[in-house]
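The values are calculated or read from the model by the stated rules, or taken from the named source; none is laboratory data. Remember, it's a predicted structure, so these values are computed and weren't measured experimentally. Cβ: placed from backbone, ideal geometry, glycine included. Neighbour counts: every protein chain shown. Accessible surface is based on the protein model in full, side chains and every heavy atom, while ligands, DNA and RNA are left aside. Shrake-Rupley method; radii C 1.70, N 1.55, O 1.52, S 1.80 Å.
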Amino acid sequence: MARDDLSPRWDRKMQQRLARGEAAALGEMYDRFASLVHNLAHRVLDDERAADSVTREVFARVWEHPEG
């Protein structure tokens, strides 16, 4: 992941795209962060199915509430 991809500017642009309802933006976020979210959830919960559920919930929340 390039350093520019994690800058505050990238964050703002991504949030704006999500707020406009750009499904491609959600896809990009998922591609970048789903494994991180899943791995963290799995480490904390020690349950694969629960980690899958948490990952889905996180990205659903991002989609439904892009403002934060």
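Rounded if a/c is under 1.5, else prolate if a/b beats b/c, else oblate: with a ≥ b ≥ c from the C-alpha gyration tensor eigenvalues square-rooted, which is the stretch 5-68? Spell out each step's value before the answer.
Working: a/c = 2.63, a/b = 1.89, b/c = 1.39.
Judged from the Cα gyration tensor, the stretch 5-68 comes out prolate (a/c at least 1.5, a/b above b/c).
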Sticking with the crude label model, points 7 Å out along Cα→Cβ, report the distance from Ala60 to Lys13 in nm, one decimal please. 3.0 nm
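Treat every Asp and Glu Cβ in the chain as -1 and every Lys and Arg Cβ as +1, leave all other atoms uncharged, and give the resulting dipole magnitude about the Cα centre to the nearest 20 debye. Could the numbers behind the result be given before it?
Working: 11 positive and 13 negative charges, 63 e Å.
Its charge dipole is roughly 300 debye.
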Accessible area in square angstrom per residue, the chain, 1.4 angstrom probe: 75 Å²
